[in-house]
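Worksheet: the structure to be examined is printed underneath.
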Amino acid sequence: MKLKILITAGDGIGPEVTNEAVSVLKEVAQLGGHTLALDHKRIGGVAIVNDGSPLPADTLAAALDSDAVLLGAVGGNEFNSLPPDKRPEAGLLQLRAALGGFANLRPAFAFKELAVNSPLRPEIIDGADILFVRELLGGLYFGQPREWNKATNEAWNTMRYTKDEVARVARIAFQLAGKRRKKLTSVDKANVLEVSQLWRATVNEIAKEFPEIAVEHQYVDAMSMHLMNQPKNYDVVLTENLFGDILSDESAVITGSLGMLPSATIGGKVNLYEPVHGSAPDIAGKGLANPLGAILTGALILRHSGGLEAEAATIETSVRKVLEQGFRTPDLARSNPQGFTVLSTTEMGAKVRETVKASLVNA
Ligand code: NAD
Ligand code: IPM
Ligand code: MN
């Protein structure tokens with residue numbers, strides 16, 4: 001199997017975690033006789049500084065010419081005073097729009113080894129396994145009009161969805177629920193917003209195509225509480241762009257760290273893969289970043305773009321084994337009651353790579 005992957009490592013810890021994900025992917029490819037054609041391009045703050053644009057034309061062209069794009073993270077404090085359309089984040093949003101993937105899959109799986117790192121009690125989170133399906137191309141992020149009118153001191157954004165945009169992401173969420181525990185929770189704010197009423201009506205219509213799936217609706221405010229109180233109650237959670245952004249970061253409390261969360265965006269011309277976390281300027285350049293979210297994102301590339309389910313599962317199992325052996329990055333060892341071995345970003349990447357190698361050689 002041959003896979004052409006564009007790496008856009010970006011800013012802050014983006015390059016640090018992406019290097020580890022790529023080295024694990026290379027190990028899997030080499031041992032399995034697969035060919036990875038890797039190219040690297042700039043995006044985000046590093047592209048603003050070097051190319052004058054957060055999404056240079058050659059990055060976009062290379063992305064559109066790939067089988068998959070792996071993104072690290074974008075953003076940095078030095079860009080905070082720029083308007084939204086000039087910031088590093090704008091480069092990522094333009095890339096998402098150009099690649100066309102509208103269904104952002106954000107699995108939040110609670111490894112039992114990490115329960116000690118969560119402020120939630122182990123019996124609350126043990127066994128939690130949620131798949132957030134976040135709509136990625138609509139809502140407040142892309143709706144027009146949008147403006148900060150400095151003359152009148154007003155600003156506005158538009159939360160807009162068409163029925164077709166809701167229907168297409170809902171269908172993907174129902175299909176995925178069919179392969180899991182057959183339960184779908186749709187999250188909206190239909191008690192206040194017309195756009196959420198359209199969302200809910202459309203989800204109910206698509207639900208008729210999937211009679212085997214149990215559907216429930218939750219308001220986003222209540223859902224943010226239910227997620228912490230009873231995360232095991234949820235299987236597939238379908239929601240719009242901003243609500244999905246917020247709830248998926250909240251799920252880091254269930255998994256023990258934001259650095260554990262991967263994502264895959266499907267449904268467009270080229271799939272886009274990114275860990276859920278950002279560029280983490282507070283820890284960048286110090287070797288403190290947890291690369292496991294990026295490494296698990298690499299597993300999603302193999303699963304969704306390479307059709308390599310066994311290899312994807314090998315990476316996921318290797319992450320579990322490394323955790324079982326007591327290895328942790330600092331974010332996973334905030335308290336260190338069991339004497340964990342605390343590793344740097346590159347050391348953690350190397351542990352997963354060794355473990356993947358041992359599993360594949362012995363398979
Ligand atoms: P963040 O996700 O970068 O960090 C939030 C907190 O989690 C920080 O304390 C950070 O140190 C920690 N953290 C995040 N990832 C970690 C990892 N892998 N290992 C250990 N700790 C980790 O969010 P933020 O601080 O709100 O945003 C920083 C910048 O990142 C902003 O410019 C923001 O716009 C950008 N951002 C980018 C993306 C992306 O490119 N996909 C996603 C989210 C935020
Ligand atoms: C994420 C990030 C992005 C988002 C930003 C950086 C544009 O927070 O991927 O979760 O809001 O989608
Ligand atoms: Mn986010």
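The values are calculated or read from the model by the stated rules, or taken from the named source; none is laboratory data. In this text the structure is predicted, and so the values were computed from the model without any measurement. Here the Cβ positions follow ideal geometry from the backbone for every residue, glycine too, while neighbour counts run over all protein chains shown. Accessible surface is based on the protein model in full, side chains and every heavy atom, while ligands, DNA and RNA are left aside. Shrake-Rupley method; radii C 1.70, N 1.55, O 1.52, S 1.80 Å.
Observations on the structure shown:
- In this structure, the amide hydrogen of Lys4, modeled 1.01 Å from its nitrogen in the peptide plane, lies closer than 5 angstrom to those of Ala37, Asp67, Ala68, counting only residues at least 5 positions away or on a different chain.
- Heavy-atom accessible area, probed at 1.4 angstrom with all protein chains present, ranks Thr162, Thr8 as Thr162, Thr8, highest first.
- Semi-axis lengths, Å, segment 207-363, gyration tensor of Cα atoms, sqrt of 5 times eigenvalues: 29, 21, 16
- Label-to-label distance, Ala155 versus Arg180, with points set 7 angstrom from Cα along the beta-carbon direction: 3.4 nm.
- Annotation for Met228 and Gln338: the two label points, set 7 Å from Cα along the Cα-Cβ direction, are 2.5 nm apart.
- From phi via Karplus (6.51, -1.76, 1.60), per-residue ³J(HN,Hα) for segment 180-190 in Hz, x at Gly/Pro: 10, 9, 6, 9, 10, 10, 9, 10, 8, 9, 6
- Top of Gly52, Gly268, Gly293 by mean-square fluctuation, Gaussian network on the chain, Cα under 10 Å: Gly52
- Charging the Cβ of each Asp and Glu at -1 and of each Lys and Arg at +1, and nothing else, the dipole of segment 119-255 about its Cα centre rounds to 280 debye.
- Candidates Leu131, Leu261, Leu82: whichever shows maximal mean-square fluctuation once the chain is modelled as a Gaussian network with Cα springs under 10 Å: Leu82
- Span-like helix ranges in the chain, DSSP H, alpha carbon extent 15 angstrom or more, Kyte mean at least -0.5: 14-32, 88-99, 163-178, 194-207, 292-304, 309-324, 345-362
- The alpha carbons of the chain occupy a box of 57, 49, 41 Å along the principal axes, longest dimension given first.
- Annotated for segment 119-255: lysine pairs at least 8 residues apart or interchain, Cα distance under 21 Å, count 8.
- Estimated dipole of segment 50-164 in Debye, rounded to 20 [Cβ of Lys and Arg +1, of Asp and Glu -1, Cα centre]: 380 debye
- Calculated [θ] (222 nm, deg cm²/dmol) that DSSP helices of n ≥ 4 give over the chain, each run adding -39,500 (n - 2.57): -13000 deg cm²/dmol
- Spacing of the two label points (7 Å from each Cα toward its C-beta) at Thr162 and Glu194, in nm: 1.7 nm
- Selected from Ala284, Ala312, Ala151 as most flexible by GNM, with the chain as the system and alpha-carbon contacts under 10 Å: Ala151
- Three-way shape call for segment 119-255 based on the alpha-carbon gyration tensor, with the a/c threshold at 1.5: oblate
- Efficiency of FRET from Cβ geometry, Glu123 and Ala201, R₀ 41 Å, rounded to 0.05: 0.65
- Using 0.36 nm per residue and subtracting the Cα-Cα separation, the extra length available between Ala310 and Ala57 on full extension is 87.5 nm.
- Stokes-Einstein translational diffusion, segment 321-363 - Kirkwood Rh over all Cα pairs, 1.306 mPa s, 10 °C, in µm²/s: 145 µm²/s
- Segment 147-191: C-alpha gyration tensor shape, a/c 1.5 cut-off, then a/b vs b/c: prolate
- Shape category assigned to segment 216-258 from the gyration tensor of Cα positions, a/c cut at 1.5: oblate
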